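The structure appears right after this line, and notes come after that.
A short reminder: the numbers here are calculations on the coordinates, not readings from a lab. Keep in mind the model is a prediction, meaning the values are calculated, not measured. Quick reminder, even Gly has a Cβ in these numbers, built from the backbone with ideal geometry, and neighbours come from all protein chains shown.
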Amino acid sequence: MTRVLVVDDSRTQAEEARLILESADFTVEVAASGEEALRRLATGGFDLVVSDIVMPGMTGYDLCRSAKAAAATRELPIVLLTSLDDPLEVIRALECGADGFITKGSGPEQLIHRVGAAVENRRLRAGGGTGSAVNVHFLGRTFAIQSERQQILDLLVSTFEDTVRKQQELVASQHQLREANRELETFSYAVAHDLGAPLRAINSWTQEILTESPGLDANGKQAADHVLRAASRMGQIIEDLLRLSRVAKAALHRTDFDLSAIARLVVANLTMFQPDHAVELVLQPGMRCQADRALIQVVFENLVGNAWKFTRKQPQPRVEIGADTQGGATVFFVRDNGAGFDMDHAHRLFLPFERLHSDAEFKGTGVGLTTARRVIERHGGRIWAEAAVGQGATFFFTLPPPRS
Ligand SMILES: Nc1ncnc2c1ncn2[C@@H]1O[C@H](COP(=O)(O)OP(=O)(O)OP(=O)(O)O)[C@@H](O)[C@H]1O
Ligand SMILES: [Mg+2]
């Protein structure tokens, strides 16, 4: 029967450890402080100590040092419970001669596994000699390491094991997140796509009522018009959502191209469709980037489209498209002198259907910036905005060069 002494000033944590270890057939006793632990160890018969580090009075390190200094308990393995968020924890544990680490909250299997491994390691090398202290320089200070070689190895391996496990957990959760996102995208694509057919039916049947019902009075006609307008608005929303999911799914084809030329193309389209909105344009020529040309065009359609839209009420509308260097990186920008917005709400801009202006003021669905952000993020870049109410807005984005 392996006897384990659990040292923890928190009763709940101590009891939890006791239950877990007892389930794996260890005999467990609990001490509420380092001092109490030393008194119990003096009576002998323990095979292992599992101790918390931070405790009022004697810390886990102190306990370890005292136990390793006494002939009767020198060989007793001591495993420290840690949160492992301070790199000094490892070196301090080596300094006081601890035999291993268990990360708090790493689950019952880990606790049982580590305790078993520590007992087994000590059994394997029972009778090994004790060496003298070794000085190690770490983070600008010198530490005298009391541990034996095998002990150091155990401790480092246990730390490494933890890092690997955390890394695996991280990879798994990233994978889950990607899967969840993909599912969500497929779902919204399917919904938007399937809404198309019933919407077309609503449209054509309402048209039919309008044209083929001679008895329809003025009220009836007005009602049918409302239906058509609502249907057309819904059609726009569906189209925007479909575009968002296409942008999210499309494979990236990066090429080196002239960004200024794309901006010019987008501006040409805007002026063709809004000939009455005369905007003074400043466009920096010769901007280049390595990105997916079609997707970057979608970004400009949204950013420059917004600049056009939100300068509609401005007597002398002006839009500037260019690039700056900030901290060695190229930052592209689209600046306007239009309606602007309150920066307190800036965090909402890039979320779907979030709008800072009413539909009566400026028409829109609120999906454009979400789409732009998705494109930029897929390229590994960042997008953000600066604005003030009535003083225009500037949208910035980066496009980091692809990793070779
Ligand atoms: N250049 C700008 N100036 C002022 N406000 C802006 C500007 N660009 C975006 N916004 C604010 O951010 C909101 C979200 O922009 P977004 O492009 O996503 O939606 P939208 O233009 O309203 O609709 P659409 O889906 O048709 O693009 C806008 O409704 C507006 O309130
Ligand atoms: Mg928009």
Unmatched cysteines, the chain - criterion: no other Cβ of a Cys under 4.7 angstrom: Cys289
Starting from the Cα of Arg74, step 7 Å toward the Cβ, then list every residue of region 145-164 with an amide N under 16 Å from that point. 146-151
Whole-Å distance, taken between Cα centres, linking region 17-72 and region 333-404: 58
What percent of all Cα-Cα pairs in region 353-404 falls in each 10 Å bin, counting up from 0? 21, 43, 27, 8, 1
Mind sorting Thr255, Thr370 by how few other Cβ atoms lie within 10 Å of their own Cβ, fewest first? Thr255, Thr370
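Using only the Cα atoms, work out Rg/Rh for region 188-228, with Rh taken as the Kirkwood radius, to two decimals.
So for region 188-228, dividing Rg by the Kirkwood Rh gives 1.15.
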Beta bridge orientation in the chain: antiparallel %, DSSP, nearest 5: 60
Note the full-extension length gain between Ala329 and Asp276 as 0.36 nm times their separation in residues minus their Cα-Cα distance, in nm to one decimal. 15.3 nm
Counting Lys and Arg as +1 and Asp and Glu as -1, what is the net charge of the other residues whose Cβ lies under 15 Å from the Cβ of Val304? +1
In terms of modelled amide H atoms, which long-range or inter-chain residues lie less than 5 Å from the amide H of Val30? Val6
Could I get the Rg over Rh figure for the chain? Both from C-alpha atoms, Rh via Kirkwood, rounded to two places. 1.23
Work out Dmax and Rg for region 169-249 from the C-alpha atoms and quote the Rg first, both in angstrom. 19.4, 69
Lysines whose Cα lies under 22 Å from that of Lys309, excluding same-chain neighbours fewer than 8 positions away: Lys363
In nm, to one decimal, how far is the modelled label at Ala268 from the one at Leu19, with both set 7 Å along Cα→Cβ? 7.2
To two decimal places, what compactness ratio does region 252-404 give when its Cα radius of gyration is scaled by 2.2 N^0.38 Å? 1.00
Residues listed by number, region 342-356, amide nitrogen under 15 Å from Val389 label point at 7 Å toward C-beta: 342-346, 356
How would you order 41-47, 97-103 from highest to lowest mean count of nearby Cβ atoms within 10 Å? 97-103, 41-47
Long-range amide H contacts for Phe353: which residues qualify at under 5 Å (H placed 1.01 Å from N, peptide plane, sequence gap of 5 or more or a different chain)? Val367
For region 134-209, projected area of the alpha-carbon convex hull averaged over all directions, nm²: 8.8
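Among 377-387, 48-58, 315-325, how do they line up by average Cβ neighbours within 10 Å per residue, starting with the highest?
In decreasing order of mean packing, 377-387, 48-58, 315-325 become 48-58, 377-387, 315-325.
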